[in-house]
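Written out below as structure tokens is the structure these notes cover.
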Amino acid sequence: MSDSWTRQGKVRAREGDGVFELVVEGLTTQSRYYKPLIYEFFRKSWRGSRPAWGEFSVEILMDYVGDPPWMDLDNLAKALLDAVKGYVFHDDAQVSRLVVERRAGEREQVAVMVRKLRDLNGWIPPQS
């Protein structure tokens, strides 16, 4: 993994060795806040690899300080998966393993780690 982070405002990301990491500093109970923030980061700052086909594992860790925020983790996961879709993988249907965790930490942030599990030969994305 590279120690070199690409940064813009509250968002930073890096990739290497088949792993993509994204961190958003600060927390909000409004899951919809994250999607446009991350879109803007990808549009303006990210120069990493293109989206890939295959299966992926995604881990989302929400670190909080003090009392845990009142937020549905499934809504947070959906917002973050939608935000990285088209940049890390083509479709969130490619996620075959998803872990979402809320934990006490030293600073408030949301971290997303995406690992490529395997290529699926001949995999064709579902039609909408």
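The values are calculated or read from the model by the stated rules, or taken from the named source; none is laboratory data. Quick caveat: nothing in here was measured; it's all calculated off a predicted structure. Cβ placement follows ideal geometry from the backbone for every residue including glycine, while neighbour counts extend to all protein chains displayed.
Among the residues of region 38-47 satisfying the criterion of being surrounded by 15 or more Cβ atoms within 10 Å (Cβ to Cβ) and touching a residue at least 40 places away in the same chain (Cβ under 8 Å), which is farthest from Leu27 (Cα to Cα)?
In this case the residue turns out to be Trp46.
Quick test for you: out of Leu81, Leu98, pick the one residue that is over 21 Å from Ser4 (Cβ atoms) and in a helix (DSSP H, G or I).
Among Leu81, Leu98, only Leu81 is over 21 Å from Ser4 (Cβ atoms) and in a helix (DSSP H, G or I).
Can you pull out the strands (runs of 3 or more DSSP E) entirely within region 1-45 that have at least 2 residues that are touching a strand residue (DSSP E or B) at 6+ places or on another chain (Cβ under 6 Å) and either on the phi > 0 side of the Ramachandran plot or modelled with pLDDT of 95 or more (or both)?
Details: elements: 6-8, 11-16, 19-25.
Result: 11-16, 19-25.
Look through region 1-36, keep the residues that are over 13 Å from the mean Cα position of the chain (by Cα) and closer than 17 Å to Phe89 by Cα, and return whichever of them is surrounded by the fewest Cβ atoms within 10 Å (Cβ to Cβ).
Asp17
Yes/no per residue for (1) within 19 Å of Val110 (Cα to Cα); (2) surrounded by 14 or more Cβ atoms within 10 Å (Cβ to Cβ):
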residue: Arg50; (1), (2): no, no
residue: Val58; (1), (2): yes, yes
residue: Tyr64; (1), (2): yes, yes
residue: Leu73; (1), (2): yes, no
residue: Ala79; (1), (2): yes, yes
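In a loop (DSSP other than H, G, I, E, B) and of a type in the set (A, V, I, L, M) - does that describe any residue in region 59-78? Give the derivation first.
Residues of region 59-78 that are in a loop (DSSP other than H, G, I, E, B), as a first pass: 65-72.
So of that shortlist, the ones also of a type in the set (A, V, I, L, M) come out as 65, 71.
Scanning region 59-78 turns up at least one residue that is in a loop (DSSP other than H, G, I, E, B) and of a type in the set (A, V, I, L, M).
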